[in-house]
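**Q** Pasting in a structure now, in structure tokens, and then I'll have a few things to ask.
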Amino acid sequence: MGLEHTRHAVRMAGRHRRRHGYLTGGTRGREPMDIPLNARVRCRDGEAGRSTCLILNPIDQRATHVVVANRRDDRDDHLVPIDRVRAVGDDGIALDCTLAELDALPRFTETRFVRHLEPHVAIENYYWMPYVSPETVTAAEYVERVPAGELAVHRGMPVRATDGDAGSVSELIVDQGGHVTHIVLRAGHLFGKHDVAIPLSAVATVGSDAVVLKLDRAGVEALPHVPVKRWWA
């Protein structure tokens, strides 16, 4: 698909958003679906928490999971298969599972306790120089359990153009087959922020710490600005 054709598709999607707000259905419906990050998530029987990141397969460009964190503890989070996303609306993401079923899904953030030595300064006597001795310290490390061969895309992840910073990831647009078609970029300054839909054909790489584009910043600004309705922004 050429870039001009992709731009036309984004313009059509933008018109649909202006009329209807969010696109719903995703892998279960006939329309593309915006997967918002840092949005409210609910199960069939109650509030679940919020979405924190999306897991992508970089080979076939499919979204495989959305990570949902407990509203009381961000590190109590779970990998939710993308086909469990029932709908996306003005009030966030609706999952096709119960709270108990969500809690039974694999954890995303794993806590590991690591012991290591740190220098400890001891002063035995005010009149003598202090000496340094090693001290064993136990520290908690938090590790994201990203499925092998896949990538985690977080809201706020930097987006870099060929000539510098272009903005940050806001959300992703997923088609009915579960493929990511666009990355929605949040660009601009405090009082002039806007959303730009970056077609995946314009993305060079998606790494663990940044999204790198094939475009320069002027090319990014030339793309259509897409209004995205956010109740949590």
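The values are calculated or read from the model by the stated rules, or taken from the named source; none is laboratory data. Just so it is clear, the structure is predicted and the values come from calculations on it, not from any experiment. Glycine also receives a Cβ, built like all others from the backbone with ideal geometry; neighbour counts cover every protein chain displayed.
**Q** Find the residue count for the range 89-110, including only residues that are free of Cβ contacts under 8 Å to residues at least 40 places away in the same chain and among the acidic types (Asp, Glu).
**A** 2
**Q** Give the residue that is farthest from Glu150 (Cα to Cα), with candidates limited to residues of the range 171-206 that are at pLDDT 85 or above, among the small types (Gly, Ala, Ser) and part of a strand (DSSP E or B).
**A** Result: Ala197.
**Q** Follow-up. Looking only at the range 64-85, count every residue that is within 14 Å of the chain's Cα centre (by Cα) and assigned to a strand (DSSP E or B) and tell me the total.
**A** Matching residues across the range 64-85 total 10.
**Q** Can you find a residue that is over 19 Å from the mean Cα position of the chain (by Cα), at pLDDT below 85, of a type outside the set (S, T, N, Q) and part of a strand (DSSP E or B) anywhere in the range 212-231?
**A** yes
**Q** Moving to a separate point now. Hey, among the residues in the range 38-63 that are in contact with a His (Cβ under 8 Å, 6 or more places away or on another chain) and part of a strand (DSSP E or B), which one's surrounded by the fewest Cβ atoms within 10 Å (Cβ to Cβ)?
**A** So the first thing to find is which residues in the range 38-63 are in contact with a His (Cβ under 8 Å, 6 or more places away or on another chain), and the list is 52-55, 60-63.
Right, trim to part of a strand (DSSP E or B) and you get 52-55, 62-63.
On the way: Thr52: 21, Cys53: 25, Leu54: 25, Ile55: 22, Arg62: 18, Ala63: 25.
That would be Arg62.
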